[in-house]
């Protein structure tokens, strides 16, 4: 989901905040011009609009300078949003911030504190970081961005002298210098290990520090609304696919997954050791002066004795039991990674030690020290464990099916997948106490790798932190047999026969799979082993929903409605089995991949489908936009948490409006028909490949994963990310709006005045329809048919060009007219002034970049050369930076 601050509402002093942002833009533009003037003075007049006529020799320098300016604009915007939130909170309290926990609880129903505590104990929100290749910027560049952001934050202080402020500006100028000298392009494709380190860096830089603040805000908001009470724990859990997602990525191996587990463990253990070192430095408490009671001494002694501290360590701080306790915990943490002494056997033992020290500080009246030095560590331990993230594993159903067929082939011909014999054998073996002997040496490499992976997952369950390993996500789940095959393979890898300690999560991605999901789950839960394995102690079953492939399959409106229906139907099926769903939303950053302002996207989810728990993916450039800086990370996590809380607290039932559902069903069908008619037009594939840089995107080396699954060459095998990226680069953006105009126009033509009134009522009262219209409008705002036509000119066959682009242009006009009719506004984008203002700051420059990209594409396809390819990559970077997303 996109950042919730996509459109900040006007505050009483918002004008002052915007003046501050305007001033910063002016100052940084001056620094930027000075840097470019030192390195490439010949392009400064071109960048500032004082001259025209770009020479080919200056193209790369021009694009590099422009991309740096786009980067600086986004940093200033992030800083300005943070400043506005701080000003509003200073003026009116935390409830003044849209999406804050305090604001959410203001309108929450009156409930007894005990009932609130029971509800909040179930609250679990899970951001999941993925290595989807939608971040075009290198880690080094992102780190420079972070330093510039922090320098801007320091500039806010009024205490600086003129000389000190000048020094800060010089520091920012040096970072802009570094951006120029570093360059934004990757020279090599990142390895999975590079991606693991990329993900962990966000935790080291911001998330480890942000989480205790968010948990404190959570408890403060609850106590402020319902009165003080027992702490309900930390409601956040982080997951990651980085190092575990092998769907179509041959570079992710068992060794990669093992390395991801170890690196995640080492990162958080290092942070705990830093925290304990800080605590030991400050807790210079004399046991005699503090007058420790016997029970307090006993608590601290339990921590110290369990570590078997050497006598030298005990003598180092005689009479300072709190320091000794901190040293004892450090020693046991070090032993987890192979150091001397007894290691913590389980995460809960570490948390218990932290509670003992925290309670001991309360015992002596030092609650403020406990809250400053120990409680944040405990909250970190509750959220990050001994793992940093819970690592999920993902694999495609075609792989698991192929491996199972290979295993069966050892005893004779395997039955055909999808046949009744396949299903009978699968269920029969799952019900057997002992499986037939397996000759692993005779298996192929793919099968051995998968079984070794499952064995690794099994072993990880018995480690010090069983949550180090999460779910096994099966992408392209198309039948119950696909899921049962994973259970059978897990048994071959060492899991038990009665209940498998492995959470197998189906991922329903295409339109057909979303429609089949309720039936598949109903069938699955009738298999005893699957039911025992999936239904946990809280009777919740996790189900993942894919936004990207369903959009690619049926268009934006159809995909959104099918996802809505699937959630309702899945929840109803699970309810018949006495279970609740935990939906895992596989969203991306762009509208086409489910991206939308966090609060509004969650508010539009069907009532009764959240129940306190939600997971979402955070992908590529969205990770850096949300989590690169601590202040923004705190806001984004609080927004996510408050949005889930708002949907989970008791509320009046929504009125049943079957006419809304019937209308959305009709609009969805008509939209899908129009969208698929375009995709199946003769020559559409040629148009897409020639009128966009889809084939050239591989030059960017954004991620370790190939652009196509299994090396295939058809449109159906192209991943959704390059599909969306390509349509964004050529400013068609059809993935965010195509089919909407035809649907609305057809509905209005058949239903006339009554239909118009119904559509307007839906826009006012239906949260899901309002979200669809809003996001379609934003996509139309960023689309530009004049620029799109220049890309269409690259299509060699004039008949194909005229047919496909003609249809796209007609649908664009229909969709604009539909939005104007529904909103009552005279133009597109007027309801989102902040979005429009941000885009207008880059519009003219961006148009020139598109012109260069079209020239370079044409040249590169006829006279390929390395110099031209570099400039082409720079145009892709520039466009994605200015738009704010790639795929």
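If you check residue 802 against the conditions, is it closer than 20 Å to residue 683 by Cβ, surrounded by fewer than 22 Cβ atoms within 10 Å (Cβ to Cβ) and free of Cβ contacts under 8 Å to residues at least 24 places away in the same chain?
Answer is yes for this residue.
Can you confirm whether segment 515-522 contains a residue that is under 18 Å from residue 425 (Cβ atoms), in contact with a helix residue (DSSP H, G or I) (Cβ under 7 Å, 6 or more places away or on another chain) and at pLDDT 95 or above?
Within segment 515-522, not a single residue is under 18 Å from residue 425 (Cβ atoms), in contact with a helix residue (DSSP H, G or I) (Cβ under 7 Å, 6 or more places away or on another chain) and at pLDDT 95 or above.
Please give the number of the condition residue 351 fails out of (1) surrounded by fewer than 20 Cβ atoms within 10 Å (Cβ to Cβ); (2) over 18 Å from residue 378 (Cα atoms).
(2)
Please count how many residues of segment 144-158 are without any contact (Cβ under 8 Å) to a residue 24 or more places away in the chain and either under 21 Å from the mean Cα position of the chain (by Cα) or not in a helix (DSSP H, G or I) (or both).
Adding up the residues that qualify gives 2.
In segment 224-249, how many residues are assigned to a loop (DSSP other than H, G, I, E, B) and in contact (Cβ under 8 Å) with a residue 12 or more places away in the chain? Lay out the reasoning, then the answer.
So the first thing to find is which residues in segment 224-249 are assigned to a loop (DSSP other than H, G, I, E, B), and the list is 227-235, 237-238, 241-244, 246-249.
Next cut, in contact (Cβ under 8 Å) with a residue 12 or more places away in the chain only: 227, 229-235, 237-238, 241-244, 246-249.
Of the residues in that region, 18 qualify.
Can you name the helices (runs of 4 or more DSSP H) wholly within segment 380-472 that have at least 1 residues being under 27 Å from the mean Cα position of the chain (by Cα) and over 18 Å from residue 254 (Cβ atoms)?
Per the criteria, 397-408.
Scan segment 523-555 residue by residue and report those that are touching a helix residue (DSSP H, G or I) at 6+ places or on another chain (Cβ under 7 Å) and either free of Cβ contacts under 8 Å to residues at least 24 places away in the same chain or in a loop (DSSP other than H, G, I, E, B) (or both).
Residues satisfying the conditions are 525, 527, 547, 555.
Rundown of residues vs (1) surrounded by fewer than 20 Cβ atoms within 10 Å (Cβ to Cβ); (2) over 30 Å from residue 114 (Cβ atoms); (3) in contact with a helix residue (DSSP H, G or I) (Cβ under 6 Å, 6 or more places away or on another chain), yes/no style:
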| residue | (1), (2), (3) |
| --- | --- |
| 225 | yes, no, yes |
| 248 | no, yes, yes |
| 261 | no, yes, yes |
| 264 | no, yes, no |
| 278 | yes, yes, no |
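Would you confirm whether or not segment 34-41 contains a residue that is out of contact with any helix residue (DSSP H, G or I) (no Cβ under 9 Å at 6 or more places or on another chain) and modelled with pLDDT of 95 or more? Show your work before the answer.
Narrowing segment 34-41 to residues out of contact with any helix residue (DSSP H, G or I) (no Cβ under 9 Å at 6 or more places or on another chain): 41.
Then drop every residue that is not modelled with pLDDT of 95 or more, which leaves 41.
Looking for residues that are out of contact with any helix residue (DSSP H, G or I) (no Cβ under 9 Å at 6 or more places or on another chain) and modelled with pLDDT of 95 or more, one finds at least one in segment 34-41, hence yes.
Among the candidates 168, 179, which residue alone is in a helix (DSSP H, G or I) and under 22 Å from residue 625 (Cα atoms)?
Of 168, 179, the one residue that is in a helix (DSSP H, G or I) and under 22 Å from residue 625 (Cα atoms) is 179.
Per-residue answers, yes or no, for (1) in a helix (DSSP H, G or I); (2) more than 25 Å from residue 230 (Cβ to Cβ); (3) at pLDDT below 90:
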| position | (1), (2), (3) |
| --- | --- |
| 77 | yes, yes, no |
| 82 | yes, yes, no |
| 91 | yes, yes, no |
| 99 | no, yes, yes |
| 102 | yes, no, no |
| 111 | no, no, yes |
| 116 | yes, no, yes |
| 119 | yes, no, yes |
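Kindly indicate which of 66, 46, 54 is at pLDDT below 95, part of a helix (DSSP H, G or I) and more than 23 Å from residue 98 (Cα to Cα).
46
Conditions (1) within 16 Å of the chain's Cα centre (by Cα); (2) surrounded by 18 or more Cβ atoms within 10 Å (Cβ to Cβ); (3) more than 23 Å from residue 212 (Cβ to Cβ), marked per residue:
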position	(1), (2), (3)
610	no, yes, yes
616	yes, yes, no
620	yes, yes, yes
624	yes, yes, no
647	no, yes, yes
661	no, no, yes
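The values are calculated or read from the model by the stated rules, or taken from the named source; none is laboratory data. None of the values given here were measured: they were computed from a predicted structure. Ideal geometry is used to build each Cβ from the backbone, glycine not excepted, and the neighbour counts take in all protein chains shown.
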